[in-house]
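Shown next, in structure tokens, is the structure this report addresses.
The values are calculated or read from the model by the stated rules, or taken from the named source; none is laboratory data. Predicted model only: the values in this text are computed from it and were never measured. Methodologically, a virtual Cβ is constructed for each residue, glycine included, from the backbone with ideal geometry; neighbour enumeration extends over all protein chains shown. Please note that ligands, DNA and RNA were not included when accessible areas were found on the heavy atoms of the full protein model with its side chains. Shrake-Rupley method; radii C 1.70, N 1.55, O 1.52, S 1.80 Å.
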Amino acid sequence: MGTRGVPALVDTTPAKTILVYRNGDPFYVGRRVVLPRRRAATFEALLEQLTEQVPVPFGVRRLFTPTRGRPVLELAALQAGGKYVAAGRERFQKLDYIHIVPRKPAKMRKLKEIKPVVHCDIKVPSRWQTYHRTSRHIHVFTNGRLFIPPTKIIIPKFSLTEWNSVLATIGEKVFPLGGVRKLFTMNGHLLDNSKDLQDQHFYVAAGLESFKYFPYWKSPNVPSEVQQKYADIEKHSRRKEKEDSKGKEPPKHDNIPPRAQDSVFYAKEGQKKTLVEPLIQGGAEGDVYKAQTPNTETQGVPEVTEDQYVQVEVPLDQRPAEIVKEVEEIHDDAPDFESNKEKEDERLYEDNEGKI
């Protein structure tokens, strides 16, 4: 039985692992690169491998030591676990590459809701939470329709950013003439912003028409405290109107009788009398139709007077008035043609007899 030969020894030299920084970058923490013998046979092959792994403008062309910046020119000069700086064609930039540490990610701060300060049992949400985080529950009347009960409407929080979206949401439940175009409070105050909307309040939706002042707050669907609030407002406004009416006194006209004051011909205060200027005859001084500057061609020419026998037609409105007789007078004054004809026939008959 023959003996086998000694097997060939395998190269068990461990691969080199180096840490490569980027030239001039104080935030690049370095890239670990493994250099196996079969892949990196030459120094140029090593530079090509580093170009694929370390993002350097125009590729890796040089290697430097991190502290003094000495160039590395061959594979034998590389040490396992060593640190180097990869650069392109530029010069070495001196930085503290060895102490570059990765930055810790910033901690995300949790947004805490603003909680209201509670001094009693009533829970009132904060202003920020009410306007930006919650929806609104409102009750809406139809303008001019007092006997229709209010409609409860929930306005979502995403619709509060635009006022037109709020009106469109209300228009799905309330149907005034022309659709919902305006929103009023029960005393006629016009709203134009969603920030003015308050939760669990009553409003009046209208179209293009104006607000109709009806006692909406007297509806049985309105809570008693809201009715009392608007009743106090109405009493206060009536009391103020009475005080204003008492403070104003009517103007006194002692010397002028009341019948003359009520007449349409009586000149009241604030009216001005209009002066009627007399008409100027044509050709007189100040007439707009008269030439302001004399004509040089007509200077020294004798004026031709009009003939007295020339008949001039006068307009009808300038002729003197004539007396027009009635129809009966004309018939009375007209000659009796029949009687005249009989008298003529008798006279001719007598003449004929005398000739015979």
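Identify, from the list Lys242, Lys235, Lys229, Lys246, the residue that is open to solvent by 100 Å² or more (accessible area, probe 1.4 Å) and either at pLDDT 85 or above or hydroxyl-bearing (Ser, Thr, Tyr) (or both). Explain how you work it out, then say what you get.
Values: Lys242 fails: either at pLDDT 85 or above or hydroxyl-bearing (Ser, Thr, Tyr) (or both); Lys235 fails: either at pLDDT 85 or above or hydroxyl-bearing (Ser, Thr, Tyr) (or both); Lys246 fails: either at pLDDT 85 or above or hydroxyl-bearing (Ser, Thr, Tyr) (or both).
Within the list Lys242, Lys235, Lys229, Lys246, the selection yields Lys229.
Candidates are the residues of region 16-36 that are more than 57 Å from the chain's Cα centre (by Cα) and open to solvent by 60 Å² or more (accessible area, probe 1.4 Å); the one that is modelled with the lowest pLDDT is Lys16.
With farther than 30 Å from Phe158 by Cβ, over 45 Å from the mean Cα position of the chain (by Cα) and at pLDDT 90 or above as the only criterion, which of Pro102, Pro57, Pro66 stands out? I'd like the intermediate steps shown before the answer.
Details: Pro102 fails: at pLDDT 90 or above; Pro57 fails: at pLDDT 90 or above.
The conditions single out Pro66.
If you take the residues of region 149-166 that are open to solvent by 20 Å² or more (accessible area, probe 1.4 Å) and either closer than 12 Å to Tyr203 by Cβ or of a type in the set (A, V, I, L, M) (or both), which of them is nearest to the chain's Cα centre (by Cα)?
Kept after step one, since they are open to solvent by 20 Å² or more (accessible area, probe 1.4 Å), are these residues of region 149-166: 149-152, 154, 156-158, 161-165.
Next, only the ones that are either closer than 12 Å to Tyr203 by Cβ or of a type in the set (A, V, I, L, M) (or both) stay: 150-152, 154.
Values: Pro150: 30, Thr151: 29, Lys152: 29, Ile154: 26 Å.
In this case the residue turns out to be Ile154.
With the requirement that a residue be more than 20 Å from Ala41 (Cα to Cα) and either open to solvent by 20 Å² or more (accessible area, probe 1.4 Å) or in contact with a strand residue (DSSP E or B) (Cβ under 6 Å, 6 or more places away or on another chain) (or both), what does region 61-82 give you? Break it down into steps so the answer makes sense when it comes.
Residues of region 61-82 that are more than 20 Å from Ala41 (Cα to Cα), as a first pass: 65-70.
Answer for region 61-82, where residues must be more than 20 Å from Ala41 (Cα to Cα) and either open to solvent by 20 Å² or more (accessible area, probe 1.4 Å) or in contact with a strand residue (DSSP E or B) (Cβ under 6 Å, 6 or more places away or on another chain) (or both): Thr65, Pro66, Thr67, Arg68, Arg70.
Does Leu183 satisfy the condition of being at pLDDT below 90, under 21 Å from Val226 (Cβ atoms), surrounded by 15 or more Cβ atoms within 10 Å (Cβ to Cβ) and not hydroxyl-bearing (Ser, Thr, Tyr)?
For Leu183, the condition - at pLDDT below 90, under 21 Å from Val226 (Cβ atoms), surrounded by 15 or more Cβ atoms within 10 Å (Cβ to Cβ) and not hydroxyl-bearing (Ser, Thr, Tyr) - is not met.
When the criteria are applied in full, Leu197 meets the requirement of being open to solvent by less than 100 Å² (accessible area, probe 1.4 Å) and not β-branched (Val, Ile, Thr). For region 200-226, which residues satisfy the criterion of being open to solvent by 80 Å² or more (accessible area, probe 1.4 Å) and not aromatic (Phe, Trp, Tyr)? Result: Gln200, Leu208, Ser210, Lys212, Lys218, Pro220, Asn221, Ser224, Glu225. Restricting attention to region 83-105, the residues that are of a type outside the set (Ser, Thr, Tyr) and open to solvent by less than 80 Å² (accessible area, probe 1.4 Å) add up to 10.
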